[in-house]
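Undergrad: Take this structure first; my questions come after.
Taken together, the values in this text are just the output of simple stated rules run on the coordinates, not laboratory data. Keep in mind that this is a model prediction, so the values were computed, not measured. Cβ: placed from backbone, ideal geometry, glycine included. Neighbour counts: every protein chain shown.
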Amino acid sequence: DAGITQSPRHKVTETGTPVTLRCHQTENHRYMYWYRQDPGHGLRLIHYSYGVKDTDKGEVSDGYSVSRSKTEDFLLTLESATSSQTSVYFCAISESLVRSPVFGPGTRLTVL
Amino acid sequence: ELKVEQNPLFLSMQEGKNYTIYCNYSTTSDRLYWYRQDPGKSLESLFVLLSNGAVKQEGRLMASLDTKARLSTLHITAAVHDLSATYFCAVDTNTGNQFYFGTGTSLTVIP
């Protein structure tokens with residue numbers, strides 16, 4: 001398996017609290033992604049990064065921010081969690097377009 | 001806005017039968033990816049298709065890409081129970097490195 005981990009794996013939080021999810025890779029891949037998976041929607045891109053301190057928005061970025069201060073870490077922050085952000089969050093890494101992005105194990109987030 | 005549509009969304013088929021899953025996308029792209037996801041698990045890469053006419057096969061699964069029609073197919077031959085899973089296609093925009101996924105096809109193979 002590619003070296004990609006996510007933490008925490010499960011989290012329950014309350015509406016209005018800040019939440020940070022961490023994605024950590026040991027592959028030195030340039031590109032990193034955050035997706036959310038919801039029934040009926042497949043996977044939707046939240047934010048992505050194409051290098052240290054280089055990030056951009058995806059299709060569902062409202063309410064989320066990201067940071068990448070090191071190649072190996074990509075953080076996803078929910079500034080003030082809402083129930084609509086209850087989801088499974090996947091991180092993915094990619095070294096080039098000729099290879100499929102590799103996905104992490106996922107984080108199940110419940111916002112009460 | 002890029003759209004990736006899969007059909008059918010749900011597929012129940014008997015062991016030994018053949019079937020095809022379709023993936024249509026709305027933007028110009030020469031790259032398409034297929035993934036498999038088992039319940040409660042992460043996504044596993046199946047195929048990478050990198051040009052028009054590309055065909056890849058692994059076991060009972062065969063994927064193809066027609067970039068002119070903006071269509072990819074995942075063909076299942078002589079289905080077995082172990083193929084039960086959700087299958088996703090994903091498209092990379094030609095501007096690079098934004099992967100957009102279809103809604104998935106949930107496949108159940110009945111003995």
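Undergrad: Tally Lys/Arg at +1 and Asp/Glu at -1 over every other residue whose Cβ is under 15 Å from the Cβ of residue B:109; what's the total? Display every interim value, and only then the final one.
TA: Values: positive: B:17, B:36, B:60; negative: B:15, B:38, B:82.
Taking every Cβ under 15 Å from that of residue B:109, the sum is 0.
Undergrad: My understanding is that a pair violates if its Cα-Cα distance is over 26 Å; which of A:11/B:41; A:11/B:3; B:3/B:56; A:70/B:56; A:11/A:57; B:17/B:68 do that in this structure?
TA: Details: A:11/B:41 17 Å; A:11/B:3 31 Å; B:3/B:56 23 Å; A:70/B:56 36 Å; A:11/A:57 24 Å; B:17/B:68 29 Å.
Flagged as over cut-off: A:11/B:3; A:70/B:56; B:17/B:68.
Undergrad: To continue, here is another question. Treating only the Cβ atoms of Lys and Arg (+1) and Asp and Glu (-1) as charged, compute the dipole magnitude of region A:6-104 about its Cα centre; round to the nearest 20 debye.
TA: Working: 11 positive and 11 negative charges, 34 e Å.
The dipole of region A:6-104 has a size of about 160 debye.
Undergrad: Calculate, in whole percent, how much of the Cα-Cα pair population of region A:4-111 lies beyond 24 Å.
TA: Numbers: 918 of 5778 pairs.
So the pairs more than 24 Å apart make up 16 percent of the total in region A:4-111.
Undergrad: Also: Dividing the Cα radius of gyration by the Kirkwood radius, what Rg/Rh value follows for the protein assembly as shown?
TA: Working: Rg = 17.5 Å, Rh = 17.9 Å.
Expressed as Rg/Rh, it is 0.97.
Undergrad: How big is the gap, in Å, between the Cα center of region A:98-112 and the Cα center of region A:10-49?
TA: 6
Undergrad: Give me the net charge of residue B:85's neighbourhood, meaning all other residues with Cβ under 10 Å from the Cβ of residue B:85; Lys, Arg count +1, Asp, Glu -1.
TA: Working: positive: B:36, B:41; negative: B:38, B:44, B:82.
In short, -1.
Undergrad: Right, next: How charged is the neighbourhood of residue A:88? Take every other residue with its Cβ under 15 Å from the Cβ of residue A:88, and add Lys/Arg as +1 and Asp/Glu as -1.
TA: Numbers: positive: A:9, A:11, A:36, A:44, A:108, B:41; negative: A:38, B:38.
Computed value for this residue: +4.
Undergrad: Once you mark the trypsin sites (Lys or Arg not before Pro) that are in a DSSP loop and have at most 14 other Cβ atoms within 10 Å, what is the longest gap between them in chain A?
TA: On the way: sites that count: A:9, A:53, A:99.
The reported range is A:54-98.
Undergrad: Considering chain A as a Gaussian network with a 10 Å cut-off on Cα pairs, which listed residue, A:39, A:18, A:101, attains the greatest mean-square fluctuation?
TA: A:39
Undergrad: Still on this structure: Hey, could you get me the Stokes-Einstein D for region B:4-110, Kirkwood radius over alpha-carbon pairs, 25 °C and 0.890 mPa s, rounded to whole µm² s⁻¹?
TA: Values: Rh = 13.7 Å.
Approximately 179 µm²/s, per Stokes-Einstein.
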